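Please treat every number below as a calculation from the coordinates, not as lab data. This is a predicted model, so every value here is computed, not measured. Virtual Cβ from ideal backbone geometry, glycine too; neighbours counted across all protein chains shown.
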Amino acid sequence: MTSFLQALIDATSAGAVYALAALGIGLVFGVLRLANFAYGEIITASAYTLIIVWPMNPVLAVLGAAVVGVAVALAMNYAVFSWLRSQSAATLLIASFGLSILLQRIYEGIFGANVLSASVASGLSTSVNLGGVRLNLLSVVTIVLAAMLLVGVQLFLTRTSIGLQVQAASADFRIARLLGVRSGLVIAVTFAISGFIAAAVAFVLTVQSGTVGPSFGVQPTLFGLIGAVIGGLRNLRGAVVGGFVVGVALSLLTSWLPPEINPFRTAFVYLLVIAVLVLRPNGLFSAGAGKVRT
Amino acid sequence: MPDTPVNGETPQNAASASARPEPILDVQNLSVAYGGVTAVAGVSFHVGPGELVGVIGPNGAGKSSTLLALAGAVRGKADRLTFEGTSLLGRKPEQIARSGFALVPEGHHIFGALSVSDNLRLGEVARRDRAGLATTREWVLELFPILREFLGRPAGLLSGGQQQQLAIARALLSEPRLLVLDEPSLGLSPTAIDTVFEAIAAVQQAGTAVLLVEQRAQQTVAAAARTHVLGEGRITMTLGPADATDAELLAKAYLGS
């Protein structure tokens with residue numbers, strides 16, 4: 001029973017990380033129809049900041065990671081995506097692929113191809129005993145952090161004027177602009193928030209691994225994106241739940257699959273994705289069926 | 001006019017200004033083309049302050065393209081295209097919306113997933129300031145009392161007529177000096193159409209200029225100071241309120257002379 005509870009908490013924590021990644025990706029997709037593959041490189045930039053600065057000054061490292069995440073996200077917007085705004089979703093997607101690879105090479109050039117290591121917030125790697133159940137402190141912190149960010153983003157979207165404008169732009173950008181919604185501002189704000197979320201993801205992952213390399217952010221982005229697609233990219237809440245489901249599935253597969261086939265656990269996740277997309281092409285939580293192309 | 005001598009000119013200017021006030025919207029020789037296909041081919045008209053001007057014409061006559069070009073949503077060419085003396089050419093839709101020009105596009109386009117109240121809040125984005133906001137809100141909800149009942153409800157659950165009322169209410173919350181409506185009666189029941197036309201009359205009485213594009217020729221011609229008939233991207237005829245009872249003329253206006 002206790003091992004089940006531990007596995008459940010760990011799974012929830014893994015789900016929370018990918019839910020955050022899916023949220024960051026889904027927010028930008030909402031306003032730009034851009035599935036940003038280069039989101040991982042925002043995570044990586046924040047992770048380098050944490051690993052390099054933490055040994056000198058932990059507070060500065062956390063603040064720096066947040067600032068770097070927001071700055072890299074905004075730089076991506078202004079340097080690349082703002083020039084492609086009127087282009088098709090396919091063009092944006094390919095551009096984000098290219099940007100992702102370019103940034104990975106740049107990180108490699110600056111920091112080398114090998115991973116850098118440092119122990120970040122090692123205090124979180126300990127376990128706490130809660131009524132007989134040993135809980136990984138990082139799992140608890142991850143869940144709390146994700147919950148705070150989810151609630152924060154929800155409050156921002158529903159309670160502030162600019163958040164409402166982001167929602168309007170996500171639903172129908174043309175109409176939003178006719179109402180006076182400033183397209184440039186709404187897009188920049190969305191990128192900035194997604195960058196901040198990427199920094200939070202980087203924090204959790206660097207505490208877990210203590211290392212960072214040029215392709216550090218690729219895997220969480222891939223799973224976040226997969227989660228968002230499963231949940232329905234057009235529906236932010238669905239995307240977050242989708243990311244959560246992917247994280248939970250990965251974690252549970254890791255705990256429960258027999259050792260012989262455990263290395264193939266991601267294959268099972270992809271199988272799940274294929275099954276979902278065949279049955280619900282627009283995602284689990286979107287209304288209606290997919291486009292009829294036949 | 002920096003070169004004009006001031007002495008002796010002022011009274012004359014004032015007199016001519018009161019005789020024919022500067023138009024709030026001035027369109028001269030506007031054309032719109034989509035990749036070589038001409039939708040609007042040199043249209044000229046104006047709207048005076050507080051005036052209601054109508055545009056009628058069959059589908060594909062270029063009515064919506066004209067409005068979208070005014071609002072900055074599609075690119076148009078014109079000898080002159082000014083709103084309150086400022087050129088609209090090359091400006092972004094959001095800049096135009098924030099300058100006191102509100103377009104309610106065809107098909108109402110409310111945000112269905114958001115509440116009625118949030119939709120109305122989005123109408124306030126284009127306001128210059130929040131002064132008088134409470135008064136505008138109250139006035140708009142008096143104009144469309146049905147919206148008050150459904151403030152907390154998702155806008156997508158409203159009927160077509162209610163959604164159109166919401167779209168107009170949302171536009172009014174920006175406190176525009178010119179309200180531009182693209183076929184507000186499209187797809188509405190006769191009662192809903194009456195509500196919309198009554199609201200338009202009330203808006204004009206409150207001093208807001210209105211540019212009304214419609215398919216309902218008789219009602220539009222009766223309400224508007226001038227109604228331009230658009231056909232194949234050109235103004236083919238201009239009617240006055242007296243022409244509203246001339247069924248033969250209205251039919252001719254539609255079929256083309």
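List of remarks:
- Length-normalised contact order for chain A - Cα pairs under 8 Å, 6+ apart - percent: 35
- For region A:216-259, there are no residues whose amide N sits under 11 Å from a probe point set 7 Å from the Cα of A:V140 along the beta carbon direction.
- Computed over the protein assembly as shown, Cα set: Rg, Dmax in Å: 28.8, 100
- Unit charges at the beta carbon, dipole of region A:2-215: most positive-side option, A:I9, A:I25, A:L178: A:L178
- Under 5 Å, built H, 5+ apart or other chain: amide partners of B:R226: B:G54
- More than 22 angstrom apart: percent of Cα pairs within region A:181-271: 40
- Cα-centre dipole for region B:21-255 with unit charges at Cβ (Lys and Arg positive, Asp and Glu negative), debye to 20: 680
- Volume in Å³ per residue [convex hull over Cα atoms, computed for region B:21-255]: 121
- Only lysine pairs 8 or more places apart, or on different chains, with alpha-carbon atoms under 26 angstrom apart are counted in the protein assembly as shown, and they number 4.
- Given charges at Cβ of Lys, Arg, Asp, Glu: the protein assembly as shown dipole, positive-most of B:A134, B:I56, A:V67: A:V67
- Exposed-site-free run, longest, chain B (rule: trypsin sites (Lys or Arg not before Pro); DSSP loop; at most 14 other C-beta within 10 Å): B:131-257
- In this simple spin-label model, placing a label point 7 Å from the Cα along the Cα-to-Cβ direction at both A:Y270 and B:A131 gives a separation of 6.4 nm.
- Inter-part distance where region A:20-89 and region B:78-128 are each reduced to a Cα centre, Å: 32
- Computed over chain B: relative contact order in percent, which uses C-alpha pairs under 8 Å that are six or more apart: 25
- Rough spin-label spacing in nm, given labels placed 7 Å along Cα→Cβ, for B:K92 and A:L60: 3.7
- Distance histogram for chain A (every C-alpha pair counted, 10 angstrom bins, percent rounded to whole numbers): 7, 27, 35, 23, 7, 1, 0
- Segment B:H46-B:L151, length gained on full extension (0.36 nm per residue, minus Cα span): 34.2 nm
- Kyte-Doolittle mean at least -1.0, axial Cα span of 24 Å or more - DSSP H helices of chain A: A:2-32, A:58-79, A:89-111, A:137-159, A:183-209, A:236-256
- Mean partner shielding of peptide A:178-189, defined as the number of other chain Cβ atoms within 10 Å of each residue Cβ, is 6.
- Within region A:202-232: backbone nitrogen closer than 16 Å to the A:R105 label point (7 Å, Cα to C-beta): A:214-215
- With a Förster radius of 30 Å applied to the C-beta separation of A:I261 and A:L155, the computed FRET efficiency comes to 0.10.
- For peptide B:114-126, the mean count of partner chain Cβ atoms within 10 Å of a residue's Cβ comes to 4.
- Magnitude of the charge dipole, the protein assembly as shown, Cβ model with Lys/Arg +1 and Asp/Glu -1, debye to 20: 1100
- For region A:2-215, a crude dipole built from +1 on the beta carbon of Lys and Arg and -1 on the beta carbon of Asp and Glu, taken about the Cα centre, is about 480 debye to the nearest 20.
- P(r), alpha carbons of region A:11-165 - 10 Å bins starting at zero, rounded %: 9, 30, 36, 19, 5, 1
- Dipole axis of the protein assembly as shown (+1 Lys, Arg; -1 Asp, Glu on Cβ), positive-most option in A:I261, B:Q215, A:G163: A:I261
- Label zone of B:A113 (point 7 Å out along Cα→Cβ, amide N under 13 Å): in region A:206-239 this covers A:231-239.
- Neighbouring partner chain Cβ atoms per residue of B:98-105, average, 10 Å criterion: 2
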